[in-house]
Amino acid sequence: MEIIRVKNAEEGGKKAFEMIKKGMENGAKVLGLATGSTPMTLYKEMTSSDLDFSDMTSINLDEYVGLGGSDEQSYRHFMDVQLFDKKPFKETYVPNGKADDLEAACHTYDQIIEEHPIDIQILGIGQNGHIGFNEPGASFDGTTSVVDLTESTINANQRFFEKAEDVPTKAVSMGIGSILKGKEIILMAYGENKADAIKGMIDGPITPEMPASILQKHENVIVIIDEAAASKL
Ligand code: GLP
């Protein structure tokens, strides 16, 4: 893993943007994208740049079960507002959390990932070390599936919802196996509440209890962290 320490999320967003730009100059066509507050500074750099994404495909990591694109808390809505409305892509994929048949939708999503191998995968990390919505215990070779969110994740996500009971308890998430197929992975983390997860990911044993620890085995991972997230290294 290459570790890049930055002053703050703004500088981290700029660094990640430079990597995407370079990747696109070298032929990258498919971006794996993430939601959450962490990648927002990257998306700001992308939308304020003059880079053209109209030939690019994006594939998002996850979506809440029960929320559709018109729900303001859905990840589809988040991506539209943060990025796609301002920077059109050729095609953008986000799992359908409202599919009648979620199992079939997961299978379709895996086919999409297979047909569009991800060149650069953007990741945040959960406080418990989850990537996408692959919570502790998730299989390292998992594919897209419906997952139960842990209490810690539900609590962390509560800030985006008015009432605690509105926070979804399930999500559709790309599996760790698919994430690992990304040719290059850029994981960003900012703030003290990520310090334990960052320590476990980089220095800890490779174990499903710390899902991000499997990234130690990937040959092209760049970790962009601020001092607070790096404080336990
Ligand atoms: C959610 C998302 C993850 C994200 C994590 C951290 O659980 N599914 O992809 O990395 O939150 O979010 P934040 O960046 O807001 O800390």
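The values are calculated or read from the model by the stated rules, or taken from the named source; none is laboratory data. The shown structure was predicted, so the numbers you read here are calculated from the model rather than taken from an experiment. When we count neighbours, we look across all protein chains shown, and the Cβ atoms used for this are built from the backbone with ideal geometry, even at glycine. Remember, those area values only see protein heavy atoms, side chains included, never the ligands or the DNA or RNA. Shrake-Rupley method; radii C 1.70, N 1.55, O 1.52, S 1.80 Å.
Overview of values
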| read-out | value |
| --- | --- |
| Residues of region 5-29 that turn out to be hydrophobic (A, V, I, L, M, F, W, C) and over 18 Å from the mean Cα position of the chain (by Cα), as a count | 2 |
| Region 119-143, residues that are open to solvent by less than 10 Å² (accessible area, probe 1.4 Å) and more than 10 Å from the ligand (Cβ to nearest atom) | Ile120, Gln121, Gly129 |
| In region 144-156, the residues that are farther than 23 Å from Thr108 by Cα, of a type outside the set (Ser, Thr, Tyr) and surrounded by 18 or more Cβ atoms within 10 Å (Cβ to Cβ) | Ala156 |
| Restricting region 161-173 to residues that are under 19 Å from Ala138 (Cα atoms) and in contact with a helix residue (DSSP H, G or I) (Cβ under 7 Å, 6 or more places away or on another chain), the residue that is surrounded by the most Cβ atoms within 10 Å (Cβ to Cβ) | Val172 |
| Any hit, region 187-201, residues being in a helix (DSSP H, G or I), open to solvent by less than 10 Å² (accessible area, probe 1.4 Å), out of contact with any Lys or Arg (no Cβ under 9 Å at 6 or more places or on another chain) and away from the ligand (no atom under 13 Å from the Cβ) | no |
| Options Lys199, Lys183, Lys232, Lys194: the member that is modelled with pLDDT of 95 or more, of a type in the set (Lys, Arg), under 25 Å from Val6 (Cα atoms) and in contact with a helix residue (DSSP H, G or I) (Cβ under 7 Å, 6 or more places away or on another chain) | Lys232 |
| Of the criteria (1) at pLDDT below 95; (2) open to solvent by 40 Å² or more (accessible area, probe 1.4 Å); (3) within 19 Å of Phe133 (Cα to Cα); (4) not hydrophobic (A, V, I, L, M, F, W, C), which one Lys98 fails | (1) |
